[in-house]
Amino acid sequence: MRSRKPSARSPRSDHGPPRAGYLLGLDLGATKVAAIAVDGSGRPLAPPVYVRHANDGPTSVLRRVAQAARVSMPEGWSRPRAVGLSIAAQVDARTGLVHFAPNLRWRRVPAGARLARALGQPVRVVNDGRAGAYAEWRRGAGAGCDDVFVLMMGTGIGGSAVVGGRLLEGGTNAAGEVGHLPIVSGGRPCHCPGAGCFEAYVGGWGIASRARDAVRADPVAGRALVARAGSLRRLSAETVFAADRAGDPVAHRLVRETERYFRDGVVGVANAFNPSRFVIAGGLAAGHPAFVRIAARSIRDRCQPPAARAIVRPARFGPLAPAIGAALYAATPSR
Ligand SMILES: [Zn+2]
């Protein structure tokens with residue numbers, strides 16, 4: 001991954017003279033900040049900038065975010081028209097207050113106001129899942145539709161719903177968290193207080209946990225899988241997908257089971273939200289492209305008839321979706 005120190009020079013643009021009206025998107029993760037300047041269509045205008053942070057509290061981390069923002073503004077360009085910050089947190093998108101960010105261990109941090117002071121212009125703050133979905137809805141695989149569901153598949157499973165042209169927030173800003181839809185009654189424990197959740201079977205951590213159980217149940221059959229991972233502890237969903245492609249029988253069984261659980265989850269989500277476009281996003285989906293085809297077939301064959309018409313598409317934006325979505329979100333007048 002490209003990395004730039006905050007002291008690095010601003011990226012040179014190959015896109016002509018300085019321009020007004022560009023947007024700046026920032027994505028604050030647990031270990032780094034991504035920053036990118038985009039146009040109104042979400043097209044990058046310069047290479048992204050990555051700045052690491054030490055997760056050592058809001059003051060220090062927000063200083064790094066501001067550094068990333070400054071470094072990412074192409075040399076000689078005017079101020080961005082809008083700045084958006086995406087963050088894995090429960091966020092009040094109206095005020096920019098971060099209620100709770102588990103990875104950063106933040107509670108009630110006025111991130112929007114503090115960053116706005118540092119940059120000298122307003123900053124809109126939005127949950128990262130919501131930001132990624134916003135990018136897909138406005139300029140990506142869901143563009144042109146008023147009813148879109150974006151399923152985010154990574155270590156966990158998340159989602160965001162656009163219904164009737166509105167990105168749903170929910171009573172406590174957690175609408176669309178379908179990773180915690182129970183799909184197996186009395187099933188595997190989850191990171192939430194529930195059990196049998198969608199992500200406990202199909203999320204990256206859920207697949208890895210099921211794989212470790214399979215190896216413990218039959219260490220001889222699982223030996224090749226462990227060898228590929230390096231150790232039982234390092235066994236990941238990516239290892240399982242790669243081993244399946246290489247013909248490993250234990251991985252083959254795990255992946256087919258994962259696809260079965262995935263079908264159940266997707267059918268439930270499509271029935272509940274009735275999207276006309278169903279977008280599959282996230283690193284885990286990129287690692288197993290068959291998820292798109294499987295989702296399309298299960299929605300067509302198993303959803304109640306009106307919901308069965310949803311069209312399934314892979315996401316357009318990759319790992320920069322939250323940063324780009326935050327930029328586009330910030331440029332949209334507040335609702
Ligand atoms: Zn759960």
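The values are calculated or read from the model by the stated rules, or taken from the named source; none is laboratory data. Just so you know, these numbers come straight off a predicted model, no measurement behind them. Positions of Cβ are backbone-derived with ideal geometry, glycine not excepted, and every protein chain shown enters the neighbour counts. Note: areas computed on protein heavy atoms with side chains; ligands, DNA, RNA excluded. Shrake-Rupley method; radii C 1.70, N 1.55, O 1.52, S 1.80 Å.
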Could you check, for the range 133-152, whether at least one of its residues is open to solvent by 10 Å² or more (accessible area, probe 1.4 Å), part of a strand (DSSP E or B) and closer than 17 Å to Leu26 by Cβ?
no
Go through Arg313, Arg297 for me and flag whichever is surrounded by fewer than 23 Cβ atoms within 10 Å (Cβ to Cβ), touching a Lys or Arg at 6+ places or on another chain (Cβ under 9 Å) and closer than 21 Å to Glu177 by Cα.
Arg313
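Yes/no matrix, rows are residues, columns are (1) at pLDDT 95 or above; (2) within 10 Å of the ligand (Cβ to nearest atom):
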site: Pro182; (1), (2): yes, yes
site: Cys192; (1), (2): no, yes
site: Cys197; (1), (2): yes, yes
site: Ala200; (1), (2): yes, yes
site: Ala208; (1), (2): yes, no
site: Asp213; (1), (2): yes, no
site: Ala217; (1), (2): yes, no
site: Gly222; (1), (2): yes, no
Of (1) open to solvent by 20 Å² or more (accessible area, probe 1.4 Å); (2) part of a strand (DSSP E or B); (3) closer than 30 Å to Gly206 by Cα, Arg124 satisfies every one except (3)
Consider Ile299 carefully, then state whether it is part of a helix (DSSP H, G or I), closer than 23 Å to Ile36 by Cβ and not aromatic (Phe, Trp, Tyr).
no
Does Val255 fit the bill of being within 20 Å of Val162 (Cα to Cα) and either among the β-branched types (Val, Ile, Thr) or in contact with a Ser or Thr (Cβ under 7 Å, 6 or more places away or on another chain) (or both)?
no
Say we look at the range 270-285 and pick out the residues that are in contact with a Gly (Cβ under 7 Å, 6 or more places away or on another chain) and part of a helix (DSSP H, G or I); which of these is most open to solvent (accessible area, probe 1.4 Å)?
Gly283
If only one of Arg114, Arg188 is touching a helix residue (DSSP H, G or I) at 6+ places or on another chain (Cβ under 8 Å), among the basic types (Lys, Arg), at pLDDT 95 or above and within 16 Å of the ligand (Cβ to nearest atom), which one is it?
Arg188
Could you list all residues from the range 302-332 that are outside any loop (DSSP other than H, G, I, E, B), closer than 29 Å to Val49 by Cβ and more than 18 Å from the chain's Cα centre (by Cα)?
Ala331
